Structures are given as C-alpha cells and as structure tokens.
Amino acid sequence: MGALAGLLVTGGALTFLAGFSPAPAGVDARSRTLKWRRNPAHGTWERWRWAVAGTTGLLVWLLTSWPIAGLIVAATIVGLPVLLSTSRVAARGISRIEAVEEWTRRLSDILVVGVGLEQAISTSLRSVPEAIRIEVTALAARLGARWPTETALRAFAEDLGDATGDLVVASLILGHRRRGPGLARALTAVADSVAEDVAMRRRVEAERAKPRATARAVTLITLGVVALGALNRTYLAPYGTPLGQLVLLGVTGMFVGSLAWMRALTLSAPQPRLLARTPHLEAASR
C-alpha cells in the first residue's frame, strides 16, 4: 500500500500541474470553452474523478493508518490515466487533422459551383465532420453575426489551434482578399498536402505505439505486484517506519518520473503556428 501511495502522489502532482497550468497569453475565453467541449475526456469522469479519488484516499487512510497511503492512492486514481492515455491523445489529434482535410475538400467542391466564401462556409455545415463541427459552427455563427470575414477566419484558426489548420485558414484569407477564381483549386491542393501530413503522422504513431504498449504492460504488472505485496504484512513492515516511507516514496517517484518521461518522448511537439493573434481579433473576441 505504501508503494502504491508513492506512485499516486507523483502521478497526481503531474496531473495537477498539467490540469491547472495557466492558459497561454492571448487565448480568449471563447476559444478555451470550445477546446473544453471538443475534448471527450471532459465528461462524467472528469467531473467526478477528484471526488472519487478523495473518497478512496480517505478510506485507505482510515484502513491503514498511513496518511501517505491515502494521499498516494488518491493521486494514482487521478494521475495514472493521464500517464497512460498518450495513444488516445495522439489519435484524437490525427482525427482532427483528417477532419480538417475532409472539410477543406467539401468546401472546395461547394466553391466550384460559384458561390461566395461566406455562403460556402455556411453550406458546409450540413456535412462538416464531427471532429471539428463545433469550430466550424462557431465560424459560421461569427460570419452570420457580421464579423469581418478575415477576423472570423483568424478566430477559427485559434479555435483549431493547429499549424495544419493555419495552413487552410491562410488559404481562405488569401482567397477572401483576392476574390478571384482559383480558390477551389488552391483548397484542393492544400487538402492533398494535409492528407500527406495525416499519412505521415499515422506512420509515426504506429512506430510509437510499440514503446507505449511496453510501458503500459510494465505499469500494469508493477501495480499487480504492489497489490499482491500489500496483502503481506511482513513485506509491508519495513515501509511502516519514517525512513521506509521516504525510501518507498523515492523509488515510486522515479518509476512514475520514467513513465512521464516516456510519455513526453512519444508525444509530438506542437508545430509552429502560421497565424498569430492580432489586436483587432483581441477586440472582436471581447
């Protein structure tokens, strides 16, 4: 139990820092709300995980008389899913980029008919991919509220929050400024480029899945061994002393630190953004 407690404290600390870090400067409340809604992890478990972890930790504390055990168990319940969810995070990112590519092609098909960009965006709502439906709906709503087209498109890029989305939005902005033929062909070319990016990311994630599976298996086996060891009072006796607690906390901390390091290594670094927020966008978002 002491070992499990040490594991949970470190994992919980990592989760706390990740979940409550301040938002980057210049991100408005509307964009943060959209990013919260589109994340499937922000559901029932997200709302109740702290209550479940706190209750479980309190029960463990009462049963073992070890305050650190309760704290670590609570932290593990909160932090361990975060450390082991790298594959899902990467898959969601790829799905969103693929949705951007699909939406760009559909928008290109609509523009071929000869309608304006604003009308084409509104028409595309009928068949927008689910992964970016919230963002595209917000874009259409801004255009319907008489936002300047370029300002609305830049806000759309902020909602997407990805360099690939910036590439599509930059093409739309140029097409809006020139108001000439050729935007549909340009969007098709951009969609082809995005499709190549999606294929490349899928290949990279397939290679990264192997060490992730190994780390997941090692973690589950370790937790199983710790759970069995917790049933042996003779095994737990040395950890009941203050020195034993410190040693155990250090060992489990290094174990969780290794998991966090591996998670960081298997996550792609964010690509540099092409479109930056501008003062008129800041004013419009208020």
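The table below gives the values:
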quantity	calculated
Centroid-to-centroid separation of the stretch 66-116 and the stretch 152-183 [C-alpha atoms, Å]	22 Å
Solvent-accessible surface ranking, highest first, for W48, W147, W103 at 1.4 angstrom	W48, W147, W103
Sequence-separation-based contact order of the stretch 81-141, relative, with Cα cut under 8 Å and 6+ spacing, percent	33 percent
A51/K210 FRET efficiency (R0 30 Å; Cβ-Cβ; nearest 0.05)	0.25
Residue-normalised accessible area of the stretch 152-205, given per residue in Å² at a 1.4 Å probe	44 Å²
Theoretical FRET efficiency, 1/(1+(r/R0)^6), r = Cβ-Cβ of Y235 and A91, R0 45 Å, to 0.05	0.70
Inter-label distance, nm, simple model (7 Å from Cα along the C-beta direction), L59/L243	3.5 nm
Karplus (6.51, -1.76, 1.60) ³J(HN,Hα), θ = phi - 60°, over the stretch 53-65, in Hz, Gly and Pro reported as x	5, x, 5, 5, x, 5, 5, 5, 4, 5, 6, 9, 6
Relative packing of peptides 216-229, 239-252 - highest average C-beta neighbours within 10 Å first	239-252, 216-229
Highest average packing first - 109-116, 166-173, Cβ atoms within 10 Å	166-173, 109-116
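The values are calculated or read from the model by the stated rules, or taken from the named source; none is laboratory data. None of the values given here were measured: they were computed from a predicted structure. Note that we place each Cβ from the backbone using ideal geometry, even for glycine, and neighbour counts take in every protein chain shown. For accessibility, only protein heavy atoms count, side chains too; no ligands or nucleic acids. Shrake-Rupley method; radii C 1.70, N 1.55, O 1.52, S 1.80 Å.
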